[in-house]
Amino acid sequence: MVAGLLEKGAVGFIPTDTIYGLSAKALDEQAVVKVRSIKDRHKNKPLIVLIADPSQLSELGGAESQARSATKYWPGPLTVIFTSNEFPVWLTGGTDTLAVRMPGNEKLRQLIKKTGPLVSTSANPQGKKPAESVKQAKKYFDSKLDFYVDVGELSNRQPSTIVKLVDGRLQIIRQGDVKI
């Protein structure tokens, strides 16, 4: 059901391996624009893309060869910033970088295998605390979202560790759940 909604361009409230996120198909430009609009996120700010396995990097425009140093930490809460001028501009915000994570949540990876890569951004309007439950998300977004997936409250979760690949090595941008 969720996969079918995403295939039709829907934007939903979905649990990830860290927190709930606003998600849509990454390769559906209109759905990504809708995510940005709902969140009031500037078009020049890149989004995180969730993948089911590193081979899906080719669907996004490359960087599979750059993924080798991250795969020992995947799946899990490690977001890797890749560089390529082949990534779709609606995902990168006009930069040549894209933040990618392969979540540890097996059900989510199964969904991504069906739909292809998904964008995911924290479930909150700009400047507010991320929603930890469907109840809180509905206060923020109400009918702006096409669907909500409820797995209970997700509180006290560590954010993902964010790293950037520099000369083939992982440089820590934000220390989170994964220790490098």
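Values quoted throughout were computed directly from the atomic coordinates according to the rules given, and no laboratory measurement underlies them. Being a predicted model, the structure only gives us computed values, none of them experimental. Backbone-built Cβ (ideal geometry, glycine too); neighbour counts: all protein chains shown.
Observations, loosely collected:
- Between the listed residues 104, 70, 91, the Cα displaced farthest toward the positive end of the dipole of region 56-163, a dipole computed from Cβ unit charges relative to the Cα centre, is found at 104.
- Spin-label model, residue 169/residue 155: points 7 Å from Cα along the beta carbon direction are separated by 4.1 nm.
- By the combined test of axial Cα extent (at least 20 Å) and Kyte-Doolittle hydropathy (mean at least 1.6), none of the DSSP H helices of the chain qualifies.
- Residue exposure sequence - 160, 84 - by fewest surrounding Cβ within 10 Å: 84, 160
- Most to least packed among 33-41, 151-159 [average Cβ atoms within 10 Å]: 33-41, 151-159
- Structure remark: mean-square fluctuation, Gaussian network model of the chain, C-alpha springs under 10 Å; the largest value among 144, 72, 114 belongs to 72.
- Separation in nanometres of the label points that stand 7 Å from Cα toward Cβ, at residue 144 and residue 107: 2.6 nm
- Under a 5 Å amide H cut-off, with hydrogens placed 1.01 Å from N, residue 96 pairs with nothing among residues at least 5 apart or on other chains.
- Using the Cβ-Cβ distance between residue 68 and residue 40 with R0 = 41 Å, the FRET efficiency computed as 1/(1 + (r/R0)^6) comes to roughly 0.65.
- Packing-based order for 131-143, 8-20, using average beta carbon neighbours within 10 Å, highest first: 8-20, 131-143
- Per residue, the average separation of C-alpha pairs within less than 8 Å and at least 6 apart gives region 2-174 a relative contact order of 32 percent.
- When +1 charges are put on Lys and Arg Cβ atoms and -1 charges on Asp and Glu Cβ atoms, the dipole computed for region 2-174 relative to its Cα centre reaches about 480 debye.
- Looking at region 2-174, the DSSP beta bridges with both ends there are about 70 percent antiparallel.
- Note on the chain: helix-only mean residue ellipticity at 222 nm, from DSSP H runs of 4+ residues weighted -39500 (n - 2.57) and normalised by residue number, equals -6000 deg cm²/dmol.
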